[in-house]
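Working notes, structure below.
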Amino acid sequence: MTSIQPTFQANEWPIAFATSGVLSCSSYVMFRGVWALIFVVHLAVHMYLYIYLRGEGLYYFMFQSRQAFILQTVTMVQQFVAALAGLPKLPRSSDTVEPLWVRAVVLIDSYVQPQAFGITYIYWGWMGFAPAEMMDEVELKPVVDYLDAFIHGINWALLLVSFLLSRIPFNCSSLGAGLLLGSVYVLWTYVHYRLEIGTPFDCDEYPFQRERCPLYDAFDWNEPWRALLFVLLAYGLTAPINTLSYVALAYGRSRCCPEKATEEKVQLLEEERPAEPEFQKPCCCGCG
């Protein structure tokens, strides 16, 4: 596996995905299942409220934080499946190299973790997600406000807990992927502006001109220099900071829960596993 910390051989993927430096193997698999369920339920409710009740339709998928939330949910489910698949193979390593989908789990997790971190502090510090209005139904507004906070901060806190409790390697190639996908999204916001796609509801900046409304205030290409400044700071500066922050977290995680401790725990599992009973042929005339 291409990683920073921890380092595993390609055939040791069950140890990387089904063990934790803090939790027992069975508790860790349960933890992965609970985390996957939390993300799946929140995503389902969020999509129902915004796509169906609020009537956003395909506009829902145009916002970066929502695209990120979908990818985060996918990787939480992937990690749960990987833990389930790796658990029966413990305590020994697998006889073969990790499957391609296991490599995908590492790459996606290494991408969504720093991305969620960046979205959290950029959203609360600068960008500002500004829909024209929230749900008209008063009883639904607290739910909408909570879900809005969930996909712009609470989700990152849950992802951080997942990262610290796991043994999944952190891959530095996520920096290149982050810059590439970030550039694609920036290009999309410009195409969105040129084609005058607009937003599903009116915005404060351009009342009664929905076709001119940007997806995010910071990506308002009606003011190109302001948008370019944000792109430079949000992607050129913060993307490396986000990745380096997780490199530091990965090293800290490895120091707190060194690989040797995990190897000893796996060896202990092997010693505690009951020996398989030997098969003995029935004796018709007594056994000597």
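The values are calculated or read from the model by the stated rules, or taken from the named source; none is laboratory data. All values reported here derive from a predicted model rather than from experimental measurement. When we count neighbours, we look across all protein chains shown, and the Cβ atoms used for this are built from the backbone with ideal geometry, even at glycine.
From the list Phe63, Phe69, the one residue that fits, being touching a residue at least 24 places away in the same chain (Cβ under 8 Å) and touching a helix residue (DSSP H, G or I) at 6+ places or on another chain (Cβ under 8 Å), is Phe69.
In this structure, is Ala82 among the aliphatic types (A, V, I, L, M), modelled with pLDDT of 85 or more and touching a Gly at 6+ places or on another chain (Cβ under 7 Å)? No: the conditions fail for Ala82.
Mind listing whichever residues of the range 154-181 are modelled with pLDDT under 90 and small (Gly, Ala, Ser)?
Listed by number, the residues that qualify are Ser173, Ser174, Gly176, Ala177, Gly178.
Within the range 26-53, residues that are of a type in the set (D, E, K, R) have Cβ atoms under 7 Å from residues that are crowded, with 16+ Cβ neighbours inside 10 Å in these pairs: Arg32/Gln79; Arg32/Phe80; Arg32/Ala83, counting only partners at least 6 apart in sequence or on another chain.
Quick grid of which residues meet (1) more than 30 Å from Leu249 (Cα to Cα); (2) part of a helix (DSSP H, G or I); (3) not charged (D, E, K, R):
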{"site": "Ala157", "(1), (2), (3)": "no, yes, yes"}
{"site": "Phe163", "(1), (2), (3)": "no, yes, yes"}
{"site": "Tyr185", "(1), (2), (3)": "no, yes, yes"}
{"site": "Trp188", "(1), (2), (3)": "yes, yes, yes"}
{"site": "Gly198", "(1), (2), (3)": "yes, no, yes"}
{"site": "Tyr206", "(1), (2), (3)": "yes, no, yes"}
{"site": "Leu215", "(1), (2), (3)": "yes, no, yes"}
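The criterion of at least 3 residues that are closer than 24 Å to Trp124 by Cα is met, among helices (runs of 4 or more DSSP H) falling completely within the range 11-88, by 25-47, 64-86. Beta carbons closer than 8 Å, at least 6 apart along the sequence or on distinct chains, pair a first residue in the range 82-103 that is polar (S, T, N, Q) with a second that is at pLDDT below 80 and assigned to a loop (DSSP other than H, G, I, E, B) for Ser93/Gln9.
Of the residues Ala234, Ala227, only one is closer than 16 Å to Leu179 by Cα, modelled with pLDDT of 50 or more and buried (at least 16 other Cβ atoms within 10 Å of the Cβ); which?
On the way: Ala227 fails: closer than 16 Å to Leu179 by Cα.
None of the others qualify; the one that does is Ala234.
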